[in-house]
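Below is one structure, written out as structure tokens, with a few remarks after it.
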Amino acid sequence: GGGRGGRGGGGKWGHTGLPPDQEGGQRGRGGRGGGFRNYGAPVSNRADPRLPQLVQTENKFVAIDKSKWDEEEKKQRSFKGILNKLTPENFDKLLEKILEEGIHEAQTLMGLIGQLFDKALTEPTLAELYATMCAALSDRFLSEGVEFKDPASPDPENPVVITFKRVLLSKCQEEFEKGDTAIKAAEKEALDAAEAKAKADAGEAPPPAEKEEGEAPAAPMTAAERDLAERRAEMERADRMQQARRRMLGNIRFIGELFKKQMLSERIMHTCIQKLLSDPEKPDEEDVEALCKLLSTIGGQLDHAKAKSHMDAYAARIHGLSKNQTISSRHRFMCQDVLEMRQKGWRERRKQEGPKKIGDVHKDAQREASNQARGGGGRGGGRDERGPPRGGDR
């Protein structure tokens with residue numbers, strides 16, 4: 001009991017089927033109502049090793065043993081250093097180094113999975129490598145019969161046993177919710193700023209800033225100073241929105257890679273797709289881009305005979321999005337690309353860049369040196385599978 005994402009069908013990631021087209025446009029309360037809404041209550045962070053751990057006594061909370069806390073911090077720092085060095089060549093060696101640190105407590109496991117997520121979301125080109133690490137760790141724990149006790153269990157005498165996959169699922173859900181919150185916060189900030197500017201342009205004075213008692217009032221800004229402050233604030237808002245959007249797209253890509261490694265179920269993938277397709281009339285562009293990225297990654301695995309009705313329904317929705325004038329032409333072309341990929345058996349137009357082995361880098365360098373020695377001439381003129389040469393051969 002008590003699991004947040006077990007195998008049962010009625011959980012928060014339960015697969016309920018694609019909503020009918022005529023019901024897809026309802027958003028409920030205002031604001032952004034796209035693919036991340038209602039993924040369930042936020043995941044508890046009481047067991048997050050990055051936060052101070054407290055234990056409740058009769059009438060107060062007390063900190064846990066500092067030596068244990070220091071030992072946990074040391075492990076997490078070691079994990080970070082190991083993951084920073086991860087490459088396809090040293091994968092097996094560093095996998096053993098991670099295991100040698102000793103992963104016996106759920107707290108340690110949750111911290112490691114959190115770090116793997118952070119790396120995958122900030123380095124999306126390495127998402128496949130981090131997904132492979134997740135699969136290797138899970139397989140090792142299963143083969144060795146390693147079990148973890150949930151520290152948030154209501155009955156400490158009979159704690160709930162959790163697995164690597166279950167913690168991973170909770171983290172996927174948490175990242176969906178965090179992505180939604182960050183994007184909505186950035187959108188609200190932009191709307192509030194636009195509203196404040198409109199009032200200022202209309203001659204309406206802004207509310208006075210709060211001051212400490214006895215503090216002298218700030219000198220009024222000149223027009224140039226106000227314009228500079230507004231532009232700086234606008235750039236900061238745009239940067240926060242870009243970071244939130246990049247992290248959300250990284251999460252989608254990582255989820256797809258985890259599914260390809262059989263770390264997440266097909267049911268969860270359908271749930272993600274349905275959430276991203278939940279508003280065909282007024283779609284959010286972030287959801288459209290995330291949807292196209294996800295289907296480009298896993299469409300081939302999902303598109304089989306048993307799921308044909310679902311995939312046909314998704315394709316119909318995506319065809320509608322490709323004609324929807326409320327989204328940019330860039331996002332409409334993304335939808336068209338997904339439909340073309342399906343027609344061609346989910347073959348990618350060009351393979352996504354991922355981590356290269358040192359040998360491949362040397363081969364590329366030798367090929368480039370050879371092409372330069374020939375002066376870029378000959379058949380192909382130095383072209384490779386990634387596109388046209390950098391030089392002006394046209």
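Solvent-accessible area per residue for the range 89-186 at a 1.4 Å probe radius, Å²? If you can, show how the numbers build up before the last one.
On the way: 4260 Å² over 98 residues.
Solvent-accessible surface per residue comes out at 44 Å².
Please give the solvent-accessible surface of L86 in Å², to the nearest 10, using a probe radius of 1.4 Å with every protein chain present.
Surface accessible to solvent at L86 totals approximately 10 Å².
Could you work out how much longer the chain between A238 and E123 gets when fully extended? Use 0.36 nm per residue separation minus the Cα distance between them, nm to one decimal. All intermediate terms of the calculation are to be shown ahead of the outcome.
Values: separation 115, 0.36 × 115 = 41.40 nm, distance 2.03 nm.
Stretched fully, the A238-E123 segment lengthens by 39.4 nm.
Would you mind checking K68/K260; K119/K149; K119/K344; K75/K275 for any pair whose Cα atoms are more than 27 angstrom apart?
Values: K68/K260 37 Å; K119/K149 25 Å; K119/K344 33 Å; K75/K275 37 Å.
Where the Cα-Cα span goes over 27 Å, the pairs concerned are K68/K260; K119/K344; K75/K275.
Would you calculate the separation in nanometres between label points at T87 and S67, each defined as 7 Å from the Cα along the Cα-to-beta-carbon direction?
If labels sit at T87 and S67, their model points lie 4.0 nm apart.
I need the shape label for the range 84-135. Rule: rounded when a/c is under 1.5, else prolate if a/b > b/c, else oblate, with a, b, c from the alpha carbon gyration tensor.
Details: a/c = 2.37, a/b = 1.25, b/c = 1.90.
Oblate.
Explain nothing, just the number: dipole magnitude of the range 211-305 about its Cα centre with +1 on each Lys and Arg Cβ and -1 on each Asp and Glu Cβ, in debye rounded to the nearest 20. Can you show the working numbers first?
Working: 16 positive and 19 negative charges, 119 e Å.
My answer is approximately 580 debye.
Of the listed peptides 99-106, 231-238, what is their order by residue-averaged count of other C-beta atoms within 10 Å, with the highest listed first?
On the way: 99-106: 15.0, 231-238: 11.9.
Per-residue Cβ counts within 10 Å, averaged per peptide and sorted highest first, yield 99-106, 231-238.
The values are calculated or read from the model by the stated rules, or taken from the named source; none is laboratory data. Owing to the predicted nature of the structure, the values given are computational and were not obtained by experimental measurement. Don't worry about glycine lacking a Cβ; one is built from the backbone with ideal geometry, like all the others, and counts go over all protein chains shown. SASA here: full protein model, heavy atoms, side chains in, ligands and nucleic acids out. Shrake-Rupley method; radii C 1.70, N 1.55, O 1.52, S 1.80 Å.
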